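Student: I have a structure here, written as structure tokens, and I will follow up with some questions on it.
Nothing in this text is a laboratory measurement; each read-out follows from the coordinates by a stated rule. No experiment lies behind these values; they were computed from the predicted model shown. Cβ atoms come from the backbone with ideal geometry, glycine included; neighbour counts cover every protein chain shown.
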Amino acid sequence: MEARAVPGRRDLSRWGWVAAGATILSAIGYVVQTILDHVTAPALVGEIEFYGLFAGFAFVALVAGAVSVITGWRRGDLTMRIGFIAVAYVVLAQLIQSLWD
């Protein structure tokens with residue numbers, strides 16, 4: 001069990017770090033996916049990028065973000081905020097993808 005942080009401190013739990021990292025990697029995948037939509041590339045490359053980099057890390061960001069929100073609620077540090085950012089990114093990216101296609 002993780003130690004409770006002092007309220008107001010700028011600490012981040014392991015779940016928060018996982019959520020932040022997965023969000024950044026998924027956002028990079030989203031940019032690459034958008035670029036691949038406008039250039040000619042084999043379909044296999046686009047599928048590997050979509051499912052491997054974008055969607056895979058988005059799923060990790062969603063799960064780790066949800067756990068970060070729950071964990072951060074008790075900790076009182078940046079964990080909850082990073083968790084909300086990760087979950088909001090996944091929801092926004094999915095909304096944009098749904099409207100785009």
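Student: Just order 85-91, 41-47 by mean Cβ neighbour count inside 10 Å, highest at the front, would you? Walk me through the numbers before you get to the answer.
Tutor: Details: 85-91: 19.9, 41-47: 10.6.
Highest to lowest by the protection proxy: 85-91, 41-47.
Student: Fewest to most neighbouring Cβ within 10 Å: what's the order for S26, S98, S68? Numbers along the way, then the final one.
Tutor: Numbers: S26 25, S98 8, S68 31.
Starting with the residue having the fewest Cβ neighbours, the order is S98, S26, S68.
Student: When averaged across all projection directions, what area in nm² does the alpha-carbon convex hull of the chain cover?
Tutor: Working: hull surface 26.6 nm².
Mean projected area of the Cα convex hull: 6.7 nm².
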